[in-house]
Each structure stands twice: as structure tokens, then as C-alpha cells.
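Here the structure comes first, spelled out in C-alpha cells, and everything after it is commentary.
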Amino acid sequence: MLSRFLRQRTNREESALSTEFGLPKTLKGFLSQNEDTNWWMITLSDLTLLLLGFLVVWYVIDKKNVPAPNSLTVSAKTAQKLTPAPGSNQVDPDEWQAFGEEMQRFVGEIGLDKEVLIESAPHEIIVSLRDTVPFDSGKADLRQQAVPVLAKVVAMVLSRRLLSLEVSGHTDSVPISTSKFPSNWKLSAARASRVARYLIENGIDPSRISVRGYANQKPRVTDSSVENRSANRRVEIRLYHGA
């Protein structure tokens, strides 16, 4: 009897301790079952971290494989922009001189070497026509005698796309007062405009031409004689390398 009593008491004490400090058997079974059924969440999180790591490594490797700009290639492209290619529209001083000599030979061949003056400079050519070649006295109607010279200018300019022209009219100091030209300013501008119109009509783009009338404000020589005044009455065509 005593031994049975001791065993029952011991069982009651163990049951009480289990209830106070431990978990019920049903709850312990439930948690144990949950731990068994949620094992896949741990595996999925591991796979996610592994995939993320793989993507980071792939991105770093891919960035390293991007080719850096080749300095030699960049230099070559820059040189191409700065250095004129063969056959370009750049005109060097020797070519300017050749143009001037060609024009000089041409006016000599047509017998106008005394009326048409050719001036060559390192970066421009000036074709100066005395007013008796392109115009009658006091008029701005173009004469046929000037056409061959102007046609030659057109051919030279059309062969070089970046050549520009400045056409300027000049008179002597003798005043003019007519119904059509009340002043030398009007006459000089009208003559320059007429020459420019011929150039445009024969194929030169108007954007490449500028027109100026100077009257007697830019004489070649002093107006001290008939011969000097004749030299000052002129139309000049300046060929230069435009922008």
C-alpha cells in the first residue's frame, strides 16, 4: 500500500510539473507536426539567396567584359575631323597661286590683260575689272565683253564648294546725278548687284555671295588725273575661303 501510494504521488507531481513548466502534449505534437511540414520554406529561402548571389556575380562579370574606348581609335577619329581629306575643299596657298596664274593666262588669251587685273594672296584672289569692261559709262547694264571673265569665275567657284565671293562696286570722285542713279553710291551698288546676279543665274548659291557699293571711298589711286580716275572705276570680285 505504501509503495502504491508513493507511485501515485510521484505521478501526480510529474504531471503537475509538466503542466506548469512544459507544454501540453497536444500542443507539443502540433508544433512538431508544423516543423515537419514547413521544412520546404528553409530550402526556398536558401535557393533565393543562391539565385540572388548568382545574379550579382553575373552582373559584375558582364560589366568587366564591356570594352573600353580605344584611345587610338578616338585619336584617329579626331584627326579625321581636323585634317582635310584628299580632294576636300581646303585651298592651300600654292593652289591659290595656281588659280591666280590660271586666271591671268585666261584674261591674256581673250585680250583683256590690260583691263582685268588679277591679284593673288595666300588666302584670296581679287579679280578687278575696269568699269569699261562690264559697263558703259554711267550705266549698270552688263556688257557681253565681261561675260567670259565672269564665266571663268563661275567655273572656279563651282569647283570649290567652300569658296565665297564678295562683289564690290567702285566709282571715281566725279559726282553723278541722273534719274536712275542720283549718286555714286547708287551706281556702285547697282553695278556690283548686276555682276552678282549674273553669278547667281549661272549656278552659284546666293548664300556664298555678298555685295557692296563703295562709291569713291576706296580708290585704288588718287583721283588726280583722267587715267587714275579710270583705274578707280572698277568692279572687284574677291574669292576667299568661306566658313
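The values are calculated or read from the model by the stated rules, or taken from the named source; none is laboratory data. Since the model is a prediction, treat every value here as computed from it, not as a measurement. Glycine gets a Cβ as well: all are built from the backbone with ideal geometry, and neighbour counts include every protein chain shown.
Would you say R191 is crowded, with 17+ Cβ neighbours inside 10 Å, part of a helix (DSSP H, G or I) and modelled with pLDDT of 95 or more?
Details: crowded, with 17+ Cβ neighbours inside 10 Å: yes; part of a helix (DSSP H, G or I): yes; modelled with pLDDT of 95 or more: yes.
Against the criterion (crowded, with 17+ Cβ neighbours inside 10 Å, part of a helix (DSSP H, G or I) and modelled with pLDDT of 95 or more), R191 qualifies.
Looking at the stretch 163-177, which of the residues that are touching a Lys or Arg at 6+ places or on another chain (Cβ under 9 Å) and assigned to a loop (DSSP other than H, G, I, E, B) is nearest to Y240 (Cα to Cα)?
Out of the qualifying residues, it is T171.
When the residues of the stretch 103-146 are filtered to those that are part of a helix (DSSP H, G or I) and in contact (Cβ under 8 Å) with a residue 12 or more places away in the chain, which remaining residue is surrounded by the fewest Cβ atoms within 10 Å (Cβ to Cβ)? Give the derivation first.
Looking only at the stretch 103-146, we keep the residues that are part of a helix (DSSP H, G or I), and these are 103-109, 144-146.
Among the residues that remain, those that are also in contact (Cβ under 8 Å) with a residue 12 or more places away in the chain are: 103-104, 106-107, 145-146.
Values: M103: 20, Q104: 18, F106: 20, V107: 21, Q145: 16, A146: 22.
Restricting to residues being part of a helix (DSSP H, G or I) and in contact (Cβ under 8 Å) with a residue 12 or more places away in the chain, the top hit is Q145.
Quick check on the stretch 195-238: of everything there that is of a type in the set (S, T, Y) and out of contact with any strand residue (DSSP E or B) (no Cβ under 9 Å at 6 or more places or on another chain), which residue is surrounded by the most Cβ atoms within 10 Å (Cβ to Cβ)? Working first, answer last.
So in the stretch 195-238, the residues of a type in the set (S, T, Y) come out as 198, 207, 210, 214, 222, 224-225, 230.
Still in the running and out of contact with any strand residue (DSSP E or B) (no Cβ under 9 Å at 6 or more places or on another chain): 198, 222, 224-225.
On the way: Y198: 18, T222: 10, S224: 8, S225: 10.
It comes out as Y198.
Go over the candidates E166, E201 one by one and state the one that is in the same structural domain as G100 (by TED's automatic domain parsing), acidic (D, E), farther than 22 Å from W96 by Cα and modelled with pLDDT of 95 or more.
Values: E166 fails: farther than 22 Å from W96 by Cα.
On inspection, the qualifying residue turns out to be E201.
For residues that are part of a helix (DSSP H, G or I) and of a type outside the set (D, E), scanning just the stretch 222-243, find the one that is farthest from V195 (Cα to Cα). Show your work before the answer.
As a first pass, look at the stretch 222-243 and keep what is part of a helix (DSSP H, G or I): 226-232.
Imposing the further condition that a residue be of a type outside the set (D, E) reduces the set to 226, 228-232.
On the way: V226: 25, N228: 23, R229: 21, S230: 19, A231: 18, N232: 17 Å.
Here the answer is V226.
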